[in-house]
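A.B. asks: Provided herewith is a single structure, encoded as structure tokens, for subsequent inquiry.
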Amino acid sequence: MTVYENEPGESRVSHGDLLLPERDGVADKVRKSYRLFLLISPAVIILDQITKWVVLKSIPLYGSYPVIEGFFNIVHVRNRGIAFGIMNRPGGSQITIYILTLVTLAAIFLLFFWFSRLGAGERKTAYGLALVIGGALGNLIDRIRMGEVVDFLDVHVGTLHWPAFNVADSAITLGVFWLALTIFFSSGPKGEKSSK
């Protein structure tokens, strides 16, 4: 970020291709979006990795501990696919793991690019992107370290089980819903600004 001096008492801050007038507080809003990102994404990654570490150390593989009888268990399962067990094939080929890793890296790059292009009035979008990026990085760490992702949250009604998931999956899902709602309820940056 570069500061340019123009007229007396006015400076402009370069953000990508944009020159943002500091006197209007626009540059401050951009900095807040970056601070927000640096707060949310690392928090998701840290919480995700700590909870997975606790599960790895305390619950045997395929173990299950009821928390709310008939509704919620803490389990220890592995997922070689993507979120919520999609494309999960135990013993699958290494090629699948490499492809999923590359696709995840490409998606994270695109999300970072989207985040870098956000305007000062798009902080709501920054919330969702920070959650999705944090969750994607959390699962990517597992995939690079172990070739699979640790899942441990098991929600079910009787014998009907939702696929086990983790903190990273939850952050991705929440972030995607947040982005969808933000896009749906705003008509571009002006709509988002007016909603504040």
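The values are calculated or read from the model by the stated rules, or taken from the named source; none is laboratory data. These numbers were taken from a predicted model, which means no experiment stands behind them. We place every Cβ from the backbone using ideal geometry, glycine too, and count neighbours over all the protein chains shown.
A.B. asks: Restricting to segment 113-138, give me the number of residues that are touching a residue at least 60 places away in the same chain (Cβ under 8 Å) and part of a helix (DSSP H, G or I).
C.D. replies: Residues flagged as touching a residue at least 60 places away in the same chain (Cβ under 8 Å) and part of a helix (DSSP H, G or I) within segment 113-138 amount to 15.
A.B. asks: Of the numbered conditions (1) surrounded by 12 or more Cβ atoms within 10 Å (Cβ to Cβ); (2) modelled with pLDDT of 85 or more; (3) under 22 Å from L131 (Cβ atoms), V103 fails exactly one; give the number of that condition.
C.D. replies: (1)
A.B. asks: Mind listing just one residue for me: the one in segment 31-55 that is among the charged types (D, E, K, R) and over 30 Å from N73 (Cβ atoms) and, of those, nearest to the chain's Cα centre (by Cα)?
C.D. replies: Among them, the one singled out is R35.
A.B. asks: For segment 158-171, give me each residue that is surrounded by fewer than 24 Cβ atoms within 10 Å (Cβ to Cβ), hydrophobic (A, V, I, L, M, F, W, C) and touching a helix residue (DSSP H, G or I) at 6+ places or on another chain (Cβ under 8 Å).
C.D. replies: Hits for segment 158-171 are W162, F165, V167.
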